[in-house]
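The values are calculated or read from the model by the stated rules, or taken from the named source; none is laboratory data. Worth saying up front: this structure is predicted, and the values here are computed from it rather than measured. Cβ coordinates were reconstructed from backbone atoms using ideal geometry, including for glycine residues, and neighbour counts include every protein chain displayed. Remember, those area values only see protein heavy atoms, side chains included, never the ligands or the DNA or RNA. Shrake-Rupley method; radii C 1.70, N 1.55, O 1.52, S 1.80 Å.
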Amino acid sequence: MLLSRLGPGQRPLAFNHAIHAKEGLECSDCHAGAAESDEPGLPSRPQCMLCHENLDKDKPPERHVVTLFSETKFQAQHAARLDDELIFSHRAHVARGEECASCHRGIDSNVRIGPEIRVTMDDCTACHASKGGSQECAACHREVRKDEKPASHHHNWRRMHGGAVRAGSEEVADRCTLCHNESSCTSCHADSPPENHNGFWRTRGHGIAAEMDRDNCAVCHRPDSCARCHADTTPLSHTGMWGATRDTHCLACHFPLQSNTCAVCHKGTPSHELATPMPPWHNAGMNCRQCHGVTQPLPHVDNRATCTMCHH
């Protein structure tokens, strides 16, 4: 049970383990069932009153230990209570010689109950790995199996799982790697591409999506897959006026350039003699860039070459 999920009649508990440990109390003095039963048990009213009958005399009534009990039942929240789906026995672990502090690390210095006192799945699996314990799901779970889909994997999971993966949640329930390896993603998507990868996506949509979130594409596609496809199939936008003068949008995809010569773009130009000649009143000594590209339009991307190499 999480600290924010209180049951009927329960309330958060500002319990100080450290002060009780300092007084020499053992864990079993309050958790009497830890060694004999699967559940550790919670303090009973008679146990607490052995000390608090005198300790509470000078405290205001709302701070008396009896306020934690409904008759004889401890009503404060069981912060470390496990989900009913989990299998865990304190008795079995004590029988193997495990100390309380092996799992509840730092409990003797804990001054307030919070999420940090909970034993996580990572703690359990690490301990099982180091001491030869079972790594099978069935060792700790009643329903979770590698060969059975979790409850979250029903209904619309096929459409929604991509967003869950990209969210990067650290919750155990969101860890795909518990059951899946990376190859399972690629093998599945090789046969079943995402639903948005339809005809429009192939011809029109994917370029915009790739420009906005290229990392998303990189989950499945390598950079050379783009080059390999576009080497045979030019984008639909590359028609008619796409190669018009003064275009600089080429650099959005074709960068970095292998060189800065004209042939980078004009590979099929028959002859540089076709370059537009200079007007009669121009001469070779003029500074072309003083006007062209400032007050006059520049007829192509400026590669910083000498203009008179082509324009005679």
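Remarks
- Ranking of HIS312, HIS221, HIS52 by solvent-accessible surface, largest first: HIS312, HIS221, HIS52 (1.4 Å probe, protein heavy atoms only, all chains present).
- The range 32-188, accessible surface, carbon-and-sulfur percent (1.4 angstrom probe): 55
- Area of LEU86 that stays accessible when all protein chains are in place (1.4 Å probe, Å², to 10): 60
- For the peptides 184-193, 279-288, the ranking by mean Cβ contacts within 10 Å, running from highest to lowest, is 184-193, 279-288.
- For the range 32-91, the spherically averaged projection of the C-alpha convex hull amounts to 4.9 nm².
- Beyond 20 Å, the tail of the calculated P(r) for the range 36-136 holds 52 percent of the Cα pairs.
- Largest to smallest accessible area among ARG112, ARG96 [probe 1.4 Å]: ARG96, ARG112
- Each Cα pair of the range 90-158 feeds into the Kirkwood radius, which the Stokes-Einstein equation turns, at 37 °C and 0.692 mPa s, into a diffusion coefficient of 223 µm²/s.
- A Förster radius of 35 Å, combined with the Cβ-Cβ distance separating GLU39 from HIS180, puts the computed FRET efficiency at roughly 0.55.
- Accessible area of LYS73 in the full protein assembly, 1.4 Å probe (Å², nearest 10): 140
- Extension gain, THR67 back to TRP157 (0.36 nm per residue minus Cα-Cα distance, nm): 27.8 nm
- Solvent exposure ordering (accessible area, 1.4 Å, most first) of THR67, THR234: THR234, THR67
- Accessible surface of CYS51 - all protein chains present, 1.4 Å probe, nearest 10 Å²: 70
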